[in-house]
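Only one structure is covered here, and it is reproduced in the block below.
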């Protein structure tokens, strides 16, 4: 049971976004070790994202605006324009946008039956 929205973001939303980023970087033929270095994660976590073992509970690929933003971020990572703290800020902005747009409510409801996606306004209120 996840009652805290920040736990939901940490456990489900951020990994789903990082998975999309990793997959875009793999498409750009960037070696997994370099991807790991750029995202400050382990090479084994890169492998888990690629295999679908991590970041799989939330399908964010169905949101064209989010996919476009991931593509922009991935391109900047690939060209070296985005790294370190600046990269983490962009990922966190994407996490917060995903939450504020109520794209995680269905998953939250599955995890915590007390959540009512129709009446819950926590994320839009906190992260506008």
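What follows is calculated from the coordinates using simple rules that are stated; it is not laboratory data. All values derive from a computational prediction rather than experimental measurement. Because the Cβ atoms are built from the backbone with ideal geometry, glycine has one as well, and the counts that use them run over all protein chains shown.
Compared with the dominant principal axis of the Cα atoms in the chain, helix 64-78 is inclined by about 30°.
Only helical runs count toward this figure. For the chain, summing -39,500 (n - 2.57) over DSSP H runs of n ≥ 4 and dividing by all residues gives -18000 deg cm²/dmol at 222 nm. Which of rounded, prolate, oblate describes segment 1-75, given a ≥ b ≥ c as roots of the alpha-carbon gyration tensor eigenvalues and a/c under 1.5 marking rounded, otherwise prolate only if a/b is larger than b/c? It comes out oblate by the Cα gyration axes. Calculation over all alpha carbon pairs of the chain in 10 angstrom steps from 0 returns a P(r) of 12, 45, 31, 11, 1 percent. Residues considered: 80, 106, 52. Largest GNM mean-square fluctuation over the chain, using C-alpha springs under 10 Å, is found at 80. In whole Å, what is the distance between the alpha-carbon centres of segment 1-51 and segment 55-116? Cα centroid of segment 1-51 versus Cα centroid of segment 55-116: 11 Å apart.
Of the residues 49, 63, 12, the one that moves most in a GNM of the chain with alpha-carbon contacts below 10 Å is 63.
Summary of packing: across the peptides 15-28, 112-125, the per-residue average of other C-beta atoms within 10 Å ranks them, highest first, as 15-28, 112-125.
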